[in-house]
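Peer 1: Handing you this structure, nothing more for now.
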Amino acid sequence: MSELLHRTAAELAAGIAAGEHSSEEVTRAHLDRIEAVDEVVHAFLHVDGERALEAARAVDAKVAAGEPLGPLAGVPLGLKDVLTMRGAPTTCGSRMLRDWHPPYDATVTRRLLEAGLVVLGKTNMDEFAMGSSTENSAYGPTRNPWDTSRIPGGSGGGSAAALAAFEAPLTIGTDTGGSIRQPAAVTGTVGVKPTYGGTSRYGLVALASSLDQPGPCARTVLDAALLHQVIAGHDPLDSTSIDAPVPDVVTAARSGDVAGMRIGVVRELGGEGYAPGVEQRFTEAVELLSGLGAEVVEVSCPSFDAALGAYYLIMPSEASSNLARFDAMRFGLRVGDDGTRSAEEVMNLTREAGFGAEVKRRIIIGTYALSSGYYDAYYGSAQKVRTLIKRDFDAAFERCDVLVSPTTPSTPWPLGERVDDPLAMYKADLCTLPSNLAGNAAASFPAGLAPEDGLPVGLQVMAPPMADDRLYRVGAALERALTEQWGGPLLNRIPQLQEVSA
Amino acid sequence: MALTTDDVARLAKLARIELSEAELEHLAPQLDVILESVASVQQVAGPDIEPTSHALPLTNVFREDEVRPSLPREDVLAGAPAAEEERFRVPRILGEEA
């Protein structure tokens, strides 16, 4: 395994800019690693080595010509397969979009390419981002590099596993109910959901439009901040994009000063149903932050208890509407078009064949929640709960600069264990989805390994809308202190993956 | 409230998804459990609470009504299941009797 693979994105970029190593060497090292381990990990759905090497050489030519480069130029990256990029398929982990090539780049993609990042390929995900284990991918699950018999989280399990398996130093995720943060927690990596509207949704295939948000995934807090800086900012192509300066996340990540910061522990996000090792590492992380000068208080957000119910009505409602676009007419799969069947029959057959079980479940729940006679009782009630959750956050942020909780109640479970138990699967998102409903910024940072099973635990930090920088301040403080305590990054302790020789 | 296979068949029809008997049998109890677990949201908020549809306040966004280049036609049709004469080709829309 090349020594370059263990470097941070910041170090790789600095080395490329200084001519110590070329982007081509760095890119080739990661492509070789993917070749060697991805048959087992299956973090990628599509890899285009030729294209990546060409992009890398273009950066190297700029270095040679002395042209100014962005802070991550030449660094390889994996892009979640829900964001469009010309020249590569976008499948969203669905049979519906097998081999579909989008005709335009997502804004996030465009910004990555303009900043000189080298896209290695597209990462695996639960179908249309519906799931918490990546087992709902129509192309097979991703495996957790910490223990390949376990789930890597979802929906962005591919993006998280690619980082933990050293297949890429940076990846992009999207977070509707926890799809960046929960995979980050269970793979011992960093994942950030920016404030809703902080990153553009243009070119992101929509699951639930009022909740979806792209964000950075990385192995270090500074790398995530640098990537956040590249992709964030106003986009006229997304009407919900915030027209305001991006919070200074990079300075916050470099500082890591939490002295005097008021940190609120959310009472409702812990206790019964939480694994002992998760609670232990969470408590230790909070004590650590307190020792660094933060003021820790307990806060109560009683409406969070209703968040799961509200979320699993609002999200399927929006999904059932968004996924109506997969009608077999303009893109993707078409089944049964034999000249005798009507458009509607073809549509029904295509959606039967193209969607997996979880997508069907959610579309039908959404259809039910929005149908006449039930709308007020279900969708309407859920929207009111959303108001109460926002109010709880507002009240808590009056007293605290940030809130903290475990990212997810358990460590990663064995593949297959919750596949046919949707409710057990949904509970993995208990702690993460309030921030989607309220639109505030939130992140997960590595907090250690649970003593009972040696698997990763994440600390979730939540900040008010447009105070994303506070996430990085807390994350950097924790990372610095824990790395010192551990004598190196958490991922140094990951078991070695068997490499297949090329 | 128990969701029957007939209910699920009706919802699947509304959602334009063909479902087999086996799938209906499999899905109905699962959907019933999910709906039961989310039904408690009805008891949480009183009538005086305003609904929230978006996390942050939305304002309508306008742009000048100017002609701008669209996606190239061939790029768009390249992703279509079927195309003919520079258009999307779709199955018949009207019934036989029409």
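Just so you know, all these numbers are worked out from the coordinates, no wet-lab data involved. Please read all numbers here as calculations on a predicted model, not as lab measurements. Counting neighbours? That spans all protein chains shown, and the Cβs are built from the backbone with ideal geometry, glycine included.
Peer 1: Based on the Cβ-Cβ distance of B:Ala9 and A:Ala64, what FRET efficiency does E = 1/(1 + (r/R0)^6) give at R0 = 45 Å, to the nearest 0.05?
Peer 2: E(calc), rounded to 0.05, equals 0.10.
Peer 1: Using per-residue counts of other Cβ atoms within 10 Å, averaged over each peptide, order A:63-71, A:139-147, A:237-245 from highest down.
Peer 2: Per-residue Cβ counts within 10 Å, averaged per peptide and sorted highest first, yield A:139-147, A:237-245, A:63-71.
Peer 1: Let me ask you something else. Between the stretch A:9-34 and the stretch A:464-502, how many Å separate their Cα centres?
Peer 2: 20 Å
Peer 1: Something else: For chain B, what is one quarter of the convex hull surface built on the Cα atoms, given in nm²?
Peer 2: 13.8 nm²
Peer 1: Could you state the orientation-averaged shadow area of the convex hull built on the Cα atoms of the stretch A:10-137, in nm² to one decimal?
Peer 2: For the stretch A:10-137, averaging the hull's shadow over all directions gives 8.1 nm².
Peer 1: Still on this structure, please answer the following. What ratio of Cα Rg to 2.2 N^0.38 Å holds for the stretch A:79-157?
Peer 2: The stretch A:79-157 yields a ratio of 1.13.
Peer 1: Could you work out how far the C-alpha centroid of the stretch A:255-295 sits from that of the stretch B:6-85, in angstrom?
Peer 2: Answer, in whole Å: 37.
Peer 1: Taking the beta-carbon count within 10 Å as an exposure proxy, list A:Leu490, A:Leu117, A:Leu288, B:Leu58 from fewest neighbours to most.
Peer 2: By the 10 Å Cβ count, ascending, the order reads B:Leu58, A:Leu288, A:Leu490, A:Leu117.
Peer 1: Separate question: I need the phi-derived Karplus couplings for the stretch A:401-407: 6.51 cos²θ - 1.76 cosθ + 1.60, θ = phi - 60°, integer Hz, Gly and Pro marked x.
Peer 2: Running phi through 6.51 cos²θ - 1.76 cosθ + 1.60 with θ = phi - 60° gives 7, 9, 10, 9, 6, x, 6 Hz.
Peer 1: What is the antiparallel percent of DSSP beta bridges lying wholly in chain A, to the nearest 5?
Peer 2: 65 percent
Peer 1: On to the next question. Can you give the percent of C-alpha pairs in chain A whose distance is more than 44 Å?
Peer 2: 9 percent
Peer 1: Here's something else I'd like to know. For peptide A:345-351, how many partner chain Cβ atoms fall within 10 Å of a residue's Cβ, on average?
Peer 2: 5
Peer 1: In whole angstrom, how far apart do the alpha carbon centroids of the stretch A:364-414 and the stretch A:144-218 sit?
Peer 2: For the stretch A:364-414 versus the stretch A:144-218, the Cα centre distance is 20 Å.
Peer 1: Would you compute, for the Cα atoms of the stretch B:5-44, the largest minus smallest coordinate along each principal axis and list the three values in descending order, in whole Å?
Peer 2: 36, 19, 12
Peer 1: Residue by residue through A:366-374, how many Cβ atoms from other chains fall within 10 Å of the Cβ on average?
Peer 2: Across A:366-374, the average partner-chain Cβ count within 10 Å equals 3.
Peer 1: To the nearest whole number, what is the average tally of beta carbon atoms from other chains within 10 Å of the beta carbons of peptide A:308-319?
Peer 2: Taking the mean over all residues of the peptide, I get 3.
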